[in-house]
Amino acid sequence: MSEAAATVRLFFALWPGTDLQAKLAAWAKQAAGRGRAMRRENLHLTLAFLGATEAALVPDLIALAAGVRFAPIRLPLDRVGYWKHNRIIWCGAGEEPQPLAALVGDLRARLDAAGIRYDPKPFVSHVTLVRDAASLPDAPAWIPLVWAARDFVLVSSTRVEGRVTYQVLQRFPAQAG
Ligand code: ATP
Ligand code: MG
């Protein structure tokens, strides 16, 4: 008799510091209308979504990600948008910074080499601010922000009584730069 291996729902992400979290959450709350503003502590930018993964692989994933070399990333959050297909309001960079693309490329290449599956959709950097939104509201005006990202994280996602909870399992710091 075999038992199914325990799995965890995982993703790699950039995680905002408290200051940026507060600014993003405040805007999201005002922009939400009948939509669902993301809670402050849940705001993030997904780099690679692994989904259900064997829990026993977590140490390997941590070792793999620790090998990624990158300099701190300056990510302008200079635009907001609305995607009809998934009804989200998001913010992101009008022009994707090359260091961010390089980080994602390196991380995904290491996952490929290790045979670890992740969602292969091309990376489009964005921070989801509001879910179940009908449109992008005219107000409040978006005030451009700059995200200085000094690390990325491995996160597990769980759903407790209908509420999604993220737990940062490990941080991977940038090299000096
Ligand atoms: P919920 O799905 O419970 O409403 P959520 O989408 O925030 O909440 P997860 O589904 O665990 O939580 O997703 C975690 C992150 O990964 C989110 O940023 C989500 O947009 C992203 N994500 C989820 N599924 C995929 C996927 N198939 N491909 C790429 N990114 C994904
Ligand atoms: Mg989801």
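The values are calculated or read from the model by the stated rules, or taken from the named source; none is laboratory data. All values reported here derive from a predicted model rather than from experimental measurement. When we count neighbours, we look across all protein chains shown, and the Cβ atoms used for this are built from the backbone with ideal geometry, even at glycine. The protein model used for the area step is the full one, side chains on, heavy atoms only, and it has no ligands, DNA or RNA in it. Shrake-Rupley method; radii C 1.70, N 1.55, O 1.52, S 1.80 Å.
Just a few scattered comments:
- Where Rh is the Kirkwood radius over Cα pairs, Rg/Rh for the chain: 0.98
- Overall, the accessible surface of segment 1-125 at a probe of 1.4 angstrom is composed of carbon and sulfur to the extent of 53 percent.
- Straight-distance candidates among the lysines for linking to K121, with alpha-carbon spacing under 28 Å and chain neighbours fewer than 8 residues away dropped: K84.
- Residues of type aspartates and glutamates that K29 reaches as a straight line, Cα spacing below 19 Å, ignoring anything fewer than 8 places off in the same chain: D19, E41, D78, D132, D138
- A cut-off of 5 Å between modelled amide H atoms, ignoring neighbours fewer than 5 places along the same chain, links L129 with I89, W90, C91.
- Contour excess over end-to-end distance, with Cα ends at W83 and L136 and 0.36 nm allotted per residue: 18.2 nm
- Note on the chain: with charges restricted to the Cβ of Lys and Arg (+1) and Asp and Glu (-1), its dipole about the Cα centre is near 460 debye.
- The listed peptides 131-144, 10-23, ordered by packing as a protection proxy, come out as 10-23, 131-144 (highest mean of other Cβ atoms within 10 Å first).
- Prolate/oblate/rounded label for segment 115-177 (Cα gyration tensor, a/c 1.5): oblate
- Computed on segment 40-122, the Cα convex hull volume stands at 137 Å³ per residue.
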